[in-house]
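Structure record follows, encoded as structure tokens.
The values are calculated or read from the model by the stated rules, or taken from the named source; none is laboratory data. No experiment lies behind these values; they were computed from the predicted model shown. Cβ coordinates were reconstructed from backbone atoms using ideal geometry, including for glycine residues, and neighbour counts include every protein chain displayed. The protein model used for the area step is the full one, side chains on, heavy atoms only, and it has no ligands, DNA or RNA in it. Shrake-Rupley method; radii C 1.70, N 1.55, O 1.52, S 1.80 Å.
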Amino acid sequence: MNTVIESPEVIHSVPEDTARLTVVDEYVAGTVEQIVRALKNDQVVLVRGVTQKNADDIMFDVARSFGLDHKLEVEAGFASVKGHRENVGKYFMTVNKRDDYHFIPAHCEGSSRMRMQLASFYAVENTTDGGASILLNINAESAEWGVLRELVKKCKVGSKKLSPFEIMKLKMMHGIELPGDLIAEQDVIISEGGSPVDGVNIFNVLEQPKKVYSVILERDCYAYWDTIASYDFDSGEGYLDLLRSLHMLKIPDDMRDFTALDNAYARRVWKSGANYNSLFTSKITQKLMAGDLVFLNNLSWAHSTSNWSPESGRRKVLAAFA
Ligand SMILES: [Fe+2]
């Protein structure tokens, strides 16, 4: 038995806006052009009745239209190297593992350093009593960008002159790009990590979010990167409240501590105090069914998944990024 918790005091304030969703009922000649046009208008696109093989082909063609085909191949190549995902087909991969009853709070895939532009999800099956995708359109005008922080790796070099090989080592092993990632006065140090280069100290720091250029929209955007969303306790609580207000939260009967539902809880390190709902202008709630293929701009839309009762069915949704 599962209980759906209702909380009347929470006023749900991210409006559903189905006008931002373009639905394509069938994959035919011209579908890719239609998807590209819709993405340029910052729409989310849902194509129905797609085979897994076609999902790969469509993703490649859409990515190529934006000059992202190389990035698509690189991201698919990295998936299995990093170990937390498995490739399925050419470009799609399994989503991150989650425990029973876990929800995936809203985030844009990756970080400001990875700059993934395009996200796609493909449902192989979804027969659970939840597992809905909630896609949230980022509010670039929100004042909350001033209080959010991104967790990044930066370093202190002191007076040492680094060799090109040492600079490359820092980039390859830690994603540190010099001179941009030298620690700055306003960065808040969370922890110190091991360094592959003598005389260089590496730190995990919280830095102010910066806009990243969207090749789809041809403008700079704030993205709610995983490296922002998954380190802030208020992000998990905000999403929990959102699911609760939508009556979409599934809770096992014996559960008292709701943080156990948050897939990112173990990574969180600080509280931003940000007003969660004001980060988004609108949302699209869509339970993906077998053969559904979704495209969204990874900078202007955050993705998330509601939880489900483990015994209620099976859910296999794949992801691809470019
Ligand atoms: Fe994700």
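Here the range 201-235 is the region considered, the condition is being within 16 Å of the ligand (Cβ to nearest atom) and among the aliphatic types (A, V, I, L, M), and the residue that is nearest to VAL157 (Cα to Cα) is ILE228.
State all residues of the range 101-121 that are of a type in the set (Phe, Trp, Tyr), open to solvent by 20 Å² or more (accessible area, probe 1.4 Å) and within 13 Å of the ligand (Cβ to nearest atom); if no residue qualifies, say none. Residue satisfying the conditions is PHE121 alone.
Based on this model, can you work out whether PHE78 counts as aromatic (Phe, Trp, Tyr) and within 26 Å of ILE176 (Cα to Cα)? It is true that PHE78 is aromatic (Phe, Trp, Tyr) and within 26 Å of ILE176 (Cα to Cα). When each of SER195, SER159 is tested for being assigned to a loop (DSSP other than H, G, I, E, B) and open to solvent by 60 Å² or more (accessible area, probe 1.4 Å), the lone residue that passes is SER159. From the set of residues in the range 269-305 that are among the aliphatic types (A, V, I, L, M) and under 23 Å from PHE78 (Cβ atoms), which is surrounded by the fewest Cβ atoms within 10 Å (Cβ to Cβ)? Out of the qualifying residues, it is VAL294. Are any of the residues in the range 268-286 in contact with a helix residue (DSSP H, G or I) (Cβ under 9 Å, 6 or more places away or on another chain), within 14 Å of the ligand (Cβ to nearest atom), within 26 Å of ALA143 (Cα to Cα) and β-branched (Val, Ile, Thr)? So far as the range 268-286 goes, no, none of its residues is in contact with a helix residue (DSSP H, G or I) (Cβ under 9 Å, 6 or more places away or on another chain), within 14 Å of the ligand (Cβ to nearest atom), within 26 Å of ALA143 (Cα to Cα) and β-branched (Val, Ile, Thr).
Among residues of the range 306-322 that are open to solvent by 40 Å² or more (accessible area, probe 1.4 Å) and at pLDDT 95 or above, those with a Cβ under 8 angstrom from a residue that is in a strand (DSSP E or B) and among the acidic types (Asp, Glu), sequence gap 6+ or separate chain, pair up as ARG314/GLU125; ARG315/GLU125; LYS316/GLU125.
The criterion of being touching a His at 6+ places or on another chain (Cβ under 9 Å) and open to solvent by 20 Å² or more (accessible area, probe 1.4 Å) does not hold for LYS71. What residue, among those in the range 289-305 that are assigned to a loop (DSSP other than H, G, I, E, B) and away from the ligand (no atom under 14 Å from the Cβ), is nearest to LEU136 (Cα to Cα)? Checking each candidate, the answer is SER300.
The C-beta contact set for the range 101-114 (first residue more than 18 Å from GLY238 (Cβ to Cβ), second residue part of a loop (DSSP other than H, G, I, E, B) and near the ligand (Cβ under 10 Å from one of its atoms), distance under 7 angstrom, 6+ apart or interchain) comprises GLU109/MET116; GLU109/ASN298; GLY110/MET116.
Can you tell me how many residues in the range 122-133 are in a strand (DSSP E or B) and open to solvent by less than 10 Å² (accessible area, probe 1.4 Å)? Reasoning before the result, please.
Step one: of the range 122-133, the residues in a strand (DSSP E or B) are 122-126, 133.
Now restrict to residues that are open to solvent by less than 10 Å² (accessible area, probe 1.4 Å): 123, 126.
The qualifying residues number 2.
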